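A short worksheet on the structure shown next.
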Amino acid sequence: MRRFFHRKSSCQVAKDRLKILLISDRVNCSPEMMELIKTDIAKVISKYMKIDSENMDIQINTKASKGTRGAKTPTLYANIPILDLHKQ
């Protein structure tokens, strides 16, 4: 039986958001969109640990991929200060 109204796991939601992030970078992601992505990532990670969302830094850079002869791949860098590994 197919489940039409089931909730996605946090992992799947995060994967979907990262896919959107990579696609957005290819079409020049706006600062507003980056802020929305940062907020969403903070919400997901906050379910599992206490973080300092005010001081987190999310960036997208392009970097040459190994074995692709100079092709550049968007890369997400996240610096997220962890205050406590156990959710309170």
Self-check item: Cross-link table LYS15/LYS38; LYS43/LYS72; LYS15/LYS47, entries beyond 18 Å C-alpha to C-alpha
Solution: LYS43/LYS72
Practice problem: Treat each spin label as a single point 7 Å out from the Cα along the C-beta direction, and report the LEU36 to ASN79 distance in nm. | Solution: 2.6
Quiz item: If the chain between VAL44 and ALA71 were fully stretched, how many nm would it gain, using 0.36 nm times the residue separation less the Cα-Cα distance?
Solution: 6.6 nm
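Every read-out reported here was derived from the displayed coordinates using simple, explicitly stated rules and does not represent laboratory data. Small disclaimer: the values here were computed from a predicted structure and weren't measured. Cβ sites come from the backbone with ideal geometry, for glycine too, and all protein chains shown count toward neighbours.
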